[in-house]
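Novice: Below you will find the structure I want to go over with you.
Derivation of every value follows stated rules applied to the coordinates shown; laboratory data play no part. As the structure is a prediction and not an experimental result, all values here were calculated from the model. When we count neighbours, we look across all protein chains shown, and the Cβ atoms used for this are built from the backbone with ideal geometry, even at glycine.
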Amino acid sequence: MREKLEQALIVALQSVGIAAGSVVVERPAELGNGDYATSAALQYAKQAGMVPRALAEKLVETLGTLDGVAKIEVAGAGFINFYLAPGVLAASLEQARSEDMWGANTNQSGKKIMVEYTDPNPFKEFHIGHLMSNAIGEAISRLLQCSGAEVKRANYQGDVGPHVAKSIWGVMKLGVDPKDASELGRAYAEGSKAYESDPGAKEEIDAINAQVYERSDEKVNKLYATGREASLKHFEELYKILGTKFDHYFFESETAPKGLALVKAHPEIFEESDGAVVYKGEQDGLHTRVFITSKGLPTYEAKDLGLAQMKSEVWGFDTSITITAHEQAGYFEVVLAAMRKVLPDIATNIRHVSHGMMRLPSGKMSSRTGDVITGEALLRELIEAAKARAAESRADDASALARDVAVAAIKYQILKQASGKDIVFDRERALSLEGDSGPYLQYAHARAHAVVERARTQGLTDMIYHITAPNDLERLLYRFPEIVEYAASKLEPHLLTTYLLEVASAFNSWYAREQILDGSTSAHHKVALTAAVAKTLKNGLWILGIPAPERM
RNA sequence: GCCCUUGUAGUUCAAUGGAUAGAACUCCGGACUUCUAAGCCGGCUAUGUAGGUUCGAUUCCUACCGAGGGCACCA
């Protein structure tokens, strides 16, 4: 429809002697300004030698009547607003009501895309940053799936490296149980502190680090195997609650030897400096980074080269997207610059998406100092907060509902804002289940679902009528597929989140005004509209990775 | 010092270069013997500063001020 209007406008402009390469037809923010609008008249008024309003009127006259458009009018300084024909809206409502794939598109059809996210490290806490990466990564994966792409979810975990050595050292020192995942986080904090303050401990930890790579010490091997397994098992429980199912797991213990080999095979690209092997990023306007330490161990940089190679070996992707916090953006650029030389074919298909960080009002969280809110602790708190209400709800399983509501609350808080910005974590706000929140969307969905169910038991069929005067809700629903497309093209889930809030809000207002099951003939249409709302919210929430319970 | 991100109501966030800058939380005030009150209706308050580009700037450019992050053997 948009393209059709743009084409018609270009033709109309030509008739007044203006060769416009392109015109922009947009969605007015206010529904009162039509379903589509253009400011072309304002843009080209000068060129046409006319006042904007006169040009706009001239264009409207030239456009005449368009198929699917009920009304075209000039407004404001010279905007041209298009109002869709009721039949067009009715057709899309019918799709919304009846089609399971409502909202999906085929823009990325046939594309194979790997999305890597969450990336927690065994032996460390699963903190809020991982929750953030998980929420964003899952939503992006689903946006791409809804665009027709074949998506594989990947999780890359650091099971070797200094943090592991610190944790193992802490386990030995504190004598904690390595089978207990939460104790490992504590052990890590202990080891990390000692590493900085106690030279003796630093030496021991460095030794353990080498032993982990070489598997040379029985006791360390055993602690390592037990702790690694406990961590990974613990993470799986969280993924289950969060609704993520990974297709591929990569580990630093696997990427390390590959990365090491890649760097060593390219002495023309990497050079030695102070005993380490580095890549001079200055040649690309960046900075130098170490790929192999002076002790001969691969750093994260080298491992990432190995990872890229592994990824393309396990699955021939068209694009691989890595989602990390913004603090790694600079690092990633250097790795990518090096990768363009070492693995040029793969590097062109790698994309990095960075998001802001979760901050405490007091400042940055740090797992090294233990100043963190773990993802698990936060989820637990949220579930507790949701329990009282869930117990009074209509849900068959109150504890399952409490969990769904908790996941919605935290994910919504993350996905409602543009991904580049930091999120200031406010406990009270996160625990709030009202207003601009995930549960608000869930509630609107459950409500709509309940009405449709009731209509079914009454034997009332839902049917979209040929609308005479479309209301805001009907016009809003029409936009859903476009919003999904737009959010997918930008890899920005928040565009969908804010839209769903509008839909839920419009539905709640409408619901408060209208009696839906009023026994009149229009009840058929109102139930159908309610079903369309339910489907839109359900599909939209699915894309965001937020559960949509049917009863609350 | 250099690089990246970022400054919008008291607070947390929106606004593909457009129309009266939207929500929510907080606070105040309402409605309901009707399908779910995690809901609805009404009220208060905002674009860091100074220039520039443009018919039009929260959005683009420049400078300044503030915040966060990164910049050699951590991930």
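Novice: At a threshold of 8 angstrom on Cα-Cα distance, excluding pairs fewer than six apart, so keeping six or more, what relative contact order does chain A reach in percent?
Specialist: So the answer I get is 16 percent.
Novice: Pop out the ³J(HN,Hα) list for the stretch A:447-459 in order, Karplus 6.51 cos²θ - 1.76 cosθ + 1.60 with θ = phi - 60°, rounded to Hz; leave Gly and Pro as x.
Specialist: Computed from phi, the couplings for the stretch A:447-459 are 4, 4, 4, 4, 5, 4, 4, 4, 4, 4, 5, 7, x Hz.
Novice: Can I ask one more? By the gyration tensor of its Cα atoms, with a ≥ b ≥ c the square roots of the eigenvalues, what is the shape of the stretch A:117-364: rounded for a/c under 1.5, prolate for a/b over b/c, or oblate?
Specialist: Details: a/c = 1.68, a/b = 1.13, b/c = 1.48.
Judged from the Cα gyration tensor, the stretch A:117-364 comes out oblate (a/c at least 1.5, b/c at or above a/b).
Novice: Let me ask something else. Taking chain A as the reference, fit the longest principal axis to its C-alpha atoms, fit the long axis of helix A:523-544 to the helix C-alpha atoms, and give the angle between the two in degrees, 0 to 90, nearest 10.
Specialist: The answer is roughly 20 degrees.
Novice: Next up: Quick one: which of A:123-131, A:62-70 comes out on top by average Cβ neighbours within 10 Å, and what's the full order, highest first?
Specialist: Highest mean packing first, the order is A:123-131, A:62-70.
Novice: Taking Cα pairs under 8 Å and at least six residues apart, what relative contact order does the stretch A:142-243 come out at, in percent?
Specialist: Rounded, it is 28 percent for the stretch A:142-243.
Novice: What residues qualify as long-range amide H neighbours of residue A:350, i.e. H under 5 Å apart, gap of 5 or more or another chain, H built at 1.01 Å from N?
Specialist: A:320
Novice: Oh, and also: Out of the GluC sites (Glu not before Pro) in the stretch A:23-71, which ones are loop residues according to DSSP with at most 15 other C-beta atoms within 10 Å?
Specialist: In loop regions of the stretch A:23-71 (DSSP not H, G, I, E or B), the sparsely surrounded GluC sites (Glu not before Pro) are A:30.
Novice: Report the relative contact order of the stretch A:117-364, percent, no decimals, based on alpha-carbon pairs under 8 angstrom and at least 6 residues apart.
Specialist: 18 percent
Novice: Length gain on complete extension for the stretch residue A:282 to residue A:225, per 0.36 nm per residue less the alpha carbon to alpha carbon distance?
Specialist: Details: separation 57, 0.36 × 57 = 20.52 nm, distance 4.04 nm.
Value of the extension gain: 16.5 nm.
Novice: Could you sort A:440-446, A:375-381 so that the peptide with the highest average Cβ count within 10 Å comes first and the rest follow in order?
Specialist: A:440-446, A:375-381
Novice: Report the calculated FRET efficiency for residue A:196 and residue A:486 (r = Cβ-Cβ distance, R0 = 41 Å), to the nearest 0.05.
Specialist: On the way: r = 47 Å, r/R0 = 1.14.
Given R0 = 41 Å and the Cβ-Cβ separation, E is 0.30.
Novice: If you take the square roots of the eigenvalues of the alpha-carbon gyration tensor of the stretch A:390-544 and sort them as a ≥ b ≥ c, do you get rounded (a/c under 1.5), prolate (a/b over b/c) or oblate?
Specialist: Oblate.
Novice: Okay, next question. Within the stretch A:160-179, name every residue whose backbone N is under 19 Å away from a label modeled 7 Å from Cα of residue A:207 along the Cβ vector.
Specialist: A:161-175
Novice: Would you mind checking the tilt of helix A:480-490 against the longest principal axis of the Cα atoms of chain A, expressed as 0 to 90 degrees and rounded to 10?
Specialist: That helix lies at roughly 40 degrees to the long axis.
Novice: Using only Cα atoms, find the angle between the long axis of helix A:329-342 and the longest principal axis of chain A, and express it within 0 to 90 degrees, rounded to the nearest 10.
Specialist: The angle comes out at about 80 degrees.
Novice: Hey, got a sec? Which GluC sites (Glu not before Pro) in the stretch A:242-320 land in a DSSP loop and have at most 13 other Cβ atoms within 10 Å?
Specialist: For GluC sites (Glu not before Pro) across the stretch A:242-320 that sit outside H, G, I, E and B with at most 13 neighbouring Cβ atoms in 10 Å, the list reads A:268.
Novice: Going by a ≥ b ≥ c, the root eigenvalues of the Cα gyration tensor, does the stretch A:161-231 fall in the rounded group (a/c under 1.5), the prolate group (a/b larger than b/c) or the oblate group?
Specialist: oblate
Novice: How large is the helix-only mean residue ellipticity at 222 nm for chain A, computed as the sum of -39500 (n - 2.57) over DSSP H runs with n ≥ 4, divided by its residue count, in deg cm²/dmol to the nearest 500?
Specialist: Result for chain A, helices only: -18000 deg cm²/dmol.
Novice: Pop out the Kirkwood hydrodynamic radius of chain A from its pairwise C-alpha distances, inverse of mean 1/r, in Å to one decimal. Don't skip to the answer; put the middle values down first.
Specialist: Details: mean 1/r = 0.0377 Å⁻¹.
Hydrodynamic radius (Kirkwood, Cα only) of chain A equals 26.6 Å.
Novice: With θ set to phi - 60°, apply the Karplus curve 6.51 cos²θ - 1.76 cosθ + 1.60 along the stretch A:21-36 and write out the HN-Hα couplings as whole Hz, x wherever there is a Gly or Pro.
Specialist: Calculated HN-Hα couplings, in order: x, 7, 10, 9, 9, 10, 8, x, 5, 8, 5, x, 9, x, 8, 9 Hz.
Novice: Can I ask one more? Compute the length gained on full extension between residue A:236 and residue A:112: take 0.36 nm times their separation in residues and subtract their Cα-Cα distance, giving the result in nm to one decimal.
Specialist: On the way: separation 124, 0.36 × 124 = 44.64 nm, distance 2.50 nm.
Difference between extended and current length: 42.1 nm.
Novice: Would you tally the net charge around residue A:446, using a Cβ to Cβ cut-off of less than 13 Å, leaving residue A:446 out, and scoring K and R as +1, D and E as -1?
Specialist: Values: positive: A:389, A:394, A:447, A:454, A:538, A:551; negative: A:396, A:404, A:453, A:550.
In short, +2.
Novice: Would you please give the residues with an amide H less than 5 Å from that of residue A:291, counting only those at least 5 places away or on a separate chain, with H modeled from the backbone geometry?
Specialist: Under 5 Å from the amide H of residue A:291 lie the amide H atoms of A:277, A:278, A:279, each far enough along the sequence or on another chain.
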